[in-house]
Amino acid sequence: QMGFETFGMGFVTDAVGTDSESLYITGGSHLTPGKGNVGSIDKKTLTVTPHGPLPVTEYGPELTGTGRGELYAYFPGSTSFVARLDKSSGMPVTQWSLMPLSETVRAWAFAHWGGRFYIFVTTLDPMTGQNNSQVLLFSPMTGTATPLLDHLPYTIVGAGVSTCAPILIG
């Protein structure tokens, strides 16, 4: 619908302290994976509502939401970054640049849990033909992504998180 052929998605609470939530998607044509839009899906009718364009990047982002009603996106590639997106327009409100990924990105996922953000990314080294799957811990406070796990035997393509997951731990 509405040009969303491939997309990332994530649930986000509609406001702090509410049980209501919305399913946001980002994406567009499979022919131009880094050029897309933010939209939402009505959970009753499954109708897509577009909200606005995303920054043009190599790959479309994966999304995660928080219990505070915030929508975040991870954009992998040679200009990797995390952004908090305006839910109504899709534009970055805040953006943190990350170390570039110099190899071909094969899969990626993004999740928020307990006040922490987790990036799951698999890259392919063209020289060796080997995949490298990593889990990174992203901190908005420092703007850095610290490796937690490296050279995993798995390709992680999704990381769904409930909006009732804790906002902060300890």
So which of E62, E103 is in contact with a Phe, Trp or Tyr (Cβ under 7 Å, 6 or more places away or on another chain) and among the acidic types (D, E)?
-> E62
What tally of residues in segment 90-126 results from selecting those that are of a type in the set (V, I, T) and either touching a residue at least 60 places away in the same chain (Cβ under 8 Å) or surrounded by fewer than 18 Cβ atoms within 10 Å (Cβ to Cβ) (or both)?
-> 4
For segment 85-110 the number of residues that are more than 30 Å from Y154 (Cα to Cα) and part of a loop (DSSP other than H, G, I, E, B) is 6
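If you take the residues in segment 15-47 that are farther than 25 Å from T104 by Cβ and hydrophobic (A, V, I, L, M, F, W, C), which one is surrounded by the most Cβ atoms within 10 Å (Cβ to Cβ)?
First pass over segment 15-47, keeping only residues farther than 25 Å from T104 by Cβ: 15-24, 38-47.
Checking the rest, the ones that are also hydrophobic (A, V, I, L, M, F, W, C) come to 15-16, 23, 38, 41, 46.
Numbers: A15: 10, V16: 11, L23: 17, V38: 27, I41: 18, L46: 9.
Applying the filter and picking the extreme gives V38.
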Would segment 83-96 turn up any residue that is of a type in the set (S, T, Y) and over 29 Å from V16 (Cα atoms)?
-> no
Filter segment 60-81 down to the residues that are modelled with pLDDT of 90 or more, among the hydroxyl-bearing types (S, T, Y) and assigned to a loop (DSSP other than H, G, I, E, B), then identify the one that is least open to solvent (accessible area, probe 1.4 Å).
-> S80
Mind checking which pairs have a first residue in segment 59-82 that is acidic (D, E) and a second that is open to solvent by less than 10 Å² (accessible area, probe 1.4 Å) and in a strand (DSSP E or B), Cβ under 6 Å, 6 or more apart or different chains?
-> E62/G8; E62/Y74; E62/A109; E62/F110
Using the structure shown, decide if V161 is closer than 30 Å to E21 by Cα, at pLDDT 95 or above and either crowded, with 20+ Cβ neighbours inside 10 Å or within 14 Å of the chain's Cα centre (by Cα) (or both).
-> no
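The values are calculated or read from the model by the stated rules, or taken from the named source; none is laboratory data. These numbers were taken from a predicted model, which means no experiment stands behind them. A quick note on method: Cβ atoms are made from the backbone with ideal geometry, for glycine too, and the neighbour counts reach across all protein chains shown. Areas reflect the complete protein model, heavy atoms only, side chains present, ligands, DNA and RNA absent. Shrake-Rupley method; radii C 1.70, N 1.55, O 1.52, S 1.80 Å.
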